[in-house]
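The values are calculated or read from the model by the stated rules, or taken from the named source; none is laboratory data. Being a predicted model, the structure only gives us computed values, none of them experimental. Quick reminder, even Gly has a Cβ in these numbers, built from the backbone with ideal geometry, and neighbours come from all protein chains shown. Keep in mind that these areas ignore ligands, DNA and RNA; they rest on the heavy atoms of the full protein, side chains included. Shrake-Rupley method; radii C 1.70, N 1.55, O 1.52, S 1.80 Å.
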Amino acid sequence: MAAASIPDSARPESGNVAIKTEPLDGDDVPPTPRDVPVKRDPVVPLLSPVSGLQPLRWSPDHRLAVCTSSSLSVLELLCDIHSSRQDLSLNRTSIPVPTQTHKLRVGPPDELSQAVKKFSLDPDPTVRQVFLADTVINPSVGVHSGMKFASWSPLGCDSSGRCLLACLTLDNRLTVHSSRGHLEWKLLVNLTENYGERLKQRGYAKKDNNPPQADLLDLAELQRRFRMQTPVKMEWSSIYTIKRVQADNSCVDEEMVLLAVLMENGDLVLWKFVLPFADGVDVVFYDLIESDVSRPSDLAWWEYENGSQRMGGLIVGSEVGPVKIMPVSLSKVKGYCTLRLPVILWKECDEIAVENIRCFSVMHPIHKTSCSLILASRGCYVFWCLLMVSPNGLNIHNSHITGLNSLPVVSLAVSQQEVAVYSCSMDGWIKKLTPTFTESSVIFKVEDLAQPETLTGRWIHGIAVSHNGAYVALVSAPGIVSSFHPFHKNFQIHFLMLKTPEAAASLLLKSPDQNLFKTADLLELVRWHVLKTKCVPGSLQEELNRKLQEVDSPYLWRIKLFLTRVLDLTLQAPRTEHKWKPRRTGVKVLVQEEDEAVERVEGAAGGVEGEAEDQRTEVQTLMQAGEMHLMRDHMKKVLGVVYLNTWVPQNICIPTCGLMDYLSRDPNDKDSEVLIGHIRKKLNKQTFPERCSLCQAPLPFTDCKQAVCENGHMWLRCVLSYQACQTLTFRRCLLQDCIARLPEPEDPEWIKKLLKAPCLLCDSPMI
């Protein structure tokens, strides 16, 4: 494999640094109401105080993890198409902190208890105090309860195509969870137990496999065994594609993701997850990297990609001050280059802890090449480092941003859509850092993020930005009231808009993902604007129609269908009474007076209701047309897959003849006519009709959403294969839009692949 070396030119040059922290002319203009981020309801109260140094993490599938002392609370953002409320639609779940006691295994229990007794009563105060002050080794301190950290995997890692969730508790228990069902979490694997068992089999030896020379009665050896399996933090890599050799010596592509775990002694433990990951037995120990970092504090992945060239490593920060990149060997990944030596990003041991490491790739506007920008908080300062790969090697430029806050920075969040960094300190001040690249340095424009009045006087414990930068989530608690700290603190989650609906709509149309589910935070902003104004923005409608005339994209049709559905919600008459409320019977009204009042009201509102009804009929017609266009387009794709994967007439689960008859109703669809002609020749006049499982009567294909036999038995149809779902279990999309059947063991691979697709109408995963 190729390797990247570090030339002499990679030394930090303090003279090539320019940082803008003072305001320019016009920067001191007070913010207008449009510049102040809009606060979105609801404000979510937490049942327990937050825990951990970085309590908030937002996932690529729009779920916010909040670390608390009793559980890991998860808030899932949904673009609700069934409600006209303007509040954010949030599904709330939680993963409770385990109640059973967890202890790390470092050797024989008898020897451990003898060591604990010896060191707790040691006459030497330097030994006794070191042992008693260590919260991990000394059990008399008490067991800490709560979540320490949470990390989301990339999108598409679990069996439903969503994110895996790694959780680290304060008692050093590292587990991985997935949400297979709706609002349901399942424990997949306990990595702390797996690694402890591995260390036990190896005799608690180091990477060189040399057995330890001392036993647990040596304090240094006791500390080493605990620290080598005490997690500090963990982070997921991006998804890699590797070649796997099968039994017949053929190669197939296999996707994997790595979970890097930073231990207290500086070791980096890498676990391999083959995707889609569904069973904890499939997790594989990948590698152990000794970083030699004393008192490690934070961890992040550095991943560089420029064309076919890929490079990566692990950024490790220390409580002492230094920051370095450790090489990670991925020999089976095509085009991957491995660093020969660790890369020192900052070497000064100034006793300022490194926290909140963030790394993201940007395109350098001058050099026209990909580069990496690394940021981290160090006390009141923000450390930044620019990495650029050139033919001469790896070029490093670094410095610090000073004068941001009077208190230490507690959180950093990155919005990659607009390349902006948000920092906050505990006193509630949030700064927006916008980088501008020069030839060999970075200039940061520092702005204060104006906050709503509801956050005045509250302390901020952490922030997180949504996947596409539409929202920032904040966890806050009451500050000092009347010169006193409050006795009871109510922790709350707040959501602020970082983009205007117009900017969100523009990003939505230009999204490279072409997937509504991946852009759900932007879509929620547009939904809120339509519900608030009760109309679709004219600029968005014109641009959408123009793009649809240029290219017939299913993604654009889904946007149009979504906007039409939301607009239909605004035209629905509000409910004047609730069915669950008892009716009032105490007031007596004469029948003649009641009839006269009804006639007056109906006469005044008749014209308005008629106009609104006509408008709603028009909107519903557009909804049906959008759904039908997407359905017919997908039917042709399904028939194309059937044609390519069937060689002789055979009875498969897909209602091929019903789909052809349904598409034949449109005489102007020439593409369908040609495709149907080829398939009919292959079927050789055989029909293979669907039959009802209750009465064996034929199921005609008259509707693409449901099937009804002649005896009145009705079955819903799978939106992916159009087969009638005649089982008790099936999958439903996240927005409860459509259903899909579960794959059967006897299904061929091409049908199983077809059933892995997301919802046809909203791109949501099937759960």
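Points to keep in mind about this one:
- Scanning segment 737-767 for residues that are under 21 Å from the mean Cα position of the chain (by Cα) and free of Cβ contacts under 8 Å to residues at least 40 places away in the same chain yields a single hit, ALA757.
- Subset of segment 528-553 [charged (D, E, K, R) and closer than 24 Å to ASP41 by Cβ]: LYS532, LYS534
- The condition of being assigned to a loop (DSSP other than H, G, I, E, B) and polar (S, T, N, Q) holds for only one of SER372, SER329, that being SER329.
- Flag if ILE325 is free of Cβ contacts under 8 Å to residues at least 24 places away in the same chain and surrounded by 15 or more Cβ atoms within 10 Å (Cβ to Cβ): yes
- Contact map, segment 377-406: first residue under 18 Å from CYS359 (Cα atoms), second residue buried (at least 20 other Cβ atoms within 10 Å of the Cβ) and aromatic (Phe, Trp, Tyr), Cβ cut-off under 6 Å, separation 6 or more or different chains; pairs are HIS400/PHE383; ILE401/PHE444.
- Across segment 47-105, the number of residues qualifying as open to solvent by 20 Å² or more (accessible area, probe 1.4 Å), closer than 30 Å to GLN572 by Cβ and within 17 Å of the chain's Cα centre (by Cα) comes to 6.
- When segment 721-736 is limited to residues that are in contact (Cβ under 8 Å) with a residue 60 or more places away in the chain and part of a loop (DSSP other than H, G, I, E, B), the one that is farthest from the chain's Cα centre (by Cα) turns out to be GLN723.
- LEU288 vs. criteria open to solvent by less than 10 Å² (accessible area, probe 1.4 Å), hydrophobic (A, V, I, L, M, F, W, C) and out of contact with any Phe, Trp or Tyr (no Cβ under 9 Å at 6 or more places or on another chain): no
- Checked against the criterion of being free of Cβ contacts under 8 Å to residues at least 40 places away in the same chain and either touching a strand residue (DSSP E or B) at 6+ places or on another chain (Cβ under 8 Å) or farther than 29 Å from THR68 by Cα (or both), segment 151-163 has no qualifying residue.
- Test for LYS532: is it in contact (Cβ under 8 Å) with a residue 40 or more places away in the chain, among the basic types (Lys, Arg) and not in a helix (DSSP H, G or I): no
- When residues of segment 733-767 are limited to those that are within 17 Å of ASN515 (Cα to Cα) and charged (D, E, K, R), the one most open to solvent (accessible area, probe 1.4 Å): LYS756
- Long-range neighbours under 9 Å by Cβ, at least six apart or interchain, first residue under 18 Å from ARG227 (Cα atoms) within segment 265-287, second among the hydroxyl-bearing types (Ser, Thr, Tyr) and part of a strand (DSSP E or B): GLY266/SER318; VAL269/TYR286; LEU270/TYR286
- Among the residues of this structure, GLU690 counts as one that is surrounded by 13 or more Cβ atoms within 10 Å (Cβ to Cβ), farther than 30 Å from THR564 by Cα and out of contact with any Lys or Arg (no Cβ under 8 Å at 6 or more places or on another chain).
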